[in-house]
1. Return the residue satisfying two criteria in turn: it lies in region 72-110 and is more than 11 Å from the ligand (Cβ to nearest atom) and more than 20 Å from residue 168 (Cα to Cα), and of such residues it is nearest to the chain's Cα centre (by Cα).
2. Which numbered condition trips up residue 167, out of (1) more than 12 Å from the ligand (Cβ to nearest atom); (2) in contact with a helix residue (DSSP H, G or I) (Cβ under 9 Å, 6 or more places away or on another chain); (3) in contact (Cβ under 8 Å) with a residue 60 or more places away in the chain?
3. Specify the residue that is surrounded by the most Cβ atoms within 10 Å (Cβ to Cβ); the eligible residues are those in region 41-57 that are within 8 Å of the ligand (Cβ to nearest atom) and in contact (Cβ under 8 Å) with a residue 40 or more places away in the chain.
4. Restricted to region 179-195, and to residues that are under 19 Å from the mean Cα position of the chain (by Cα) and under 20 Å from residue 214 (Cα atoms), which residue is nearest to the ligand (Cβ to nearest atom)?
5. Within region 186-216, which residues are assigned to a loop (DSSP other than H, G, I, E, B) and in contact with a helix residue (DSSP H, G or I) (Cβ under 7 Å, 6 or more places away or on another chain)?
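Values in this text are rule-based calculations from the coordinates and carry no lab data. All figures in this text were calculated on a predicted structure; none of them were measured in a lab. In this analysis, Cβ positions are derived from the backbone assuming ideal geometry, glycine residues included, and neighbour counts consider all displayed protein chains.
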Ligand SMILES: C[S@@+](CC[C@H](N)C(=O)[O-])C[C@H]1O[C@@H](n2cnc3c(N)ncnc32)[C@H](O)[C@@H]1O
């Protein structure tokens with residue numbers, strides 16, 4: 001794929017602020033197995049062009065988790081150029097993906113990549129803001145990946161839970177803000193305070209919720225796994241919003 005301005009997006013400051021020791025991180029990023037040819041090419045392209053895709057250690061974990069979970073219907077919020085989306089369906093003919101993005105340049109690149117990887121017939125791209133798209137979805141999913149703008153994770157959470165089957169798992173990427181998510185609000189730069197507040201709200205409401213099973217992993221900038229245990233309606237969280 002040729003490099004374009006489209007895919008060379010503004011650097012995500014958290015991409016370079018891992019939450020584990022540098023040597024450990026280096027091993028997790030370079031010492032683990034590579035993905036098969038076309039997936040590796042796409043991952044390499046993303047890294048070379050600073051497209052903010054899930055880091056290698058998170059991708060390895062996601063691939064492993066899905067081998068165990070064996071989802072059939074997957075929802076993704078935050079597609080970018082289609083790396084994580086391709087990873088979740090490539091080589092798995094029994095899986096389909098509904099994926100959402102609002103950035104036309106990313107959408108164009110993702111379409112090209114899904115075609116190239118031969119998965120386009122099992123991928124439905126929903127173009128638009130997830131806040132508008134999520135309420136229109138009618139299918140039920142057994143796995144979801146949330147990897148979009150972090151200030152909106154809390155807002156999207158009830159909408160995603162509504163579309164997840166009981167027993168379904170939601171994986172949320174980038175929850176630690178390079179570890180600063182637990183720092184006092186006053187120490188956080190004003191431009192990222194909303195993200196800080198919303199991530200804290202999400203962690204407060206979700207991590208010990210009695211109707212959910214959760215686990216936090218220090219992969220990349222932090223991963224939160226959420227299993228939906230019953231039919232609890234999480235729309236009440238929307239009222240806690242600000
Ligand atoms: C971190 S990238 C996704 C990377 C992708 N999951 C991967 O690992 O290959 C985040 C993407 O989310 C999209 N995005 C952010 N906020 C969004 C929103 N509210 N609705 C739809 N897409 C959004 C951005 O356009 C961007 O392409």
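1. Residue satisfying both the conditions and the ranking: 90.
2. Looking at each condition in turn, residue 167 falls short on (2).
3. Step one: filter region 41-57 for residues within 8 Å of the ligand (Cβ to nearest atom), giving 46, 51-54.
Next cut, in contact (Cβ under 8 Å) with a residue 40 or more places away in the chain only: 51-52, 54.
Numbers: 51: 21, 52: 20, 54: 26.
Ranking the candidates gives 54 first.
4. 181
5. Our first condition is that a residue be assigned to a loop (DSSP other than H, G, I, E, B); within region 186-216, this holds for 188-189, 207-211.
Matches in region 186-216: 188 only.
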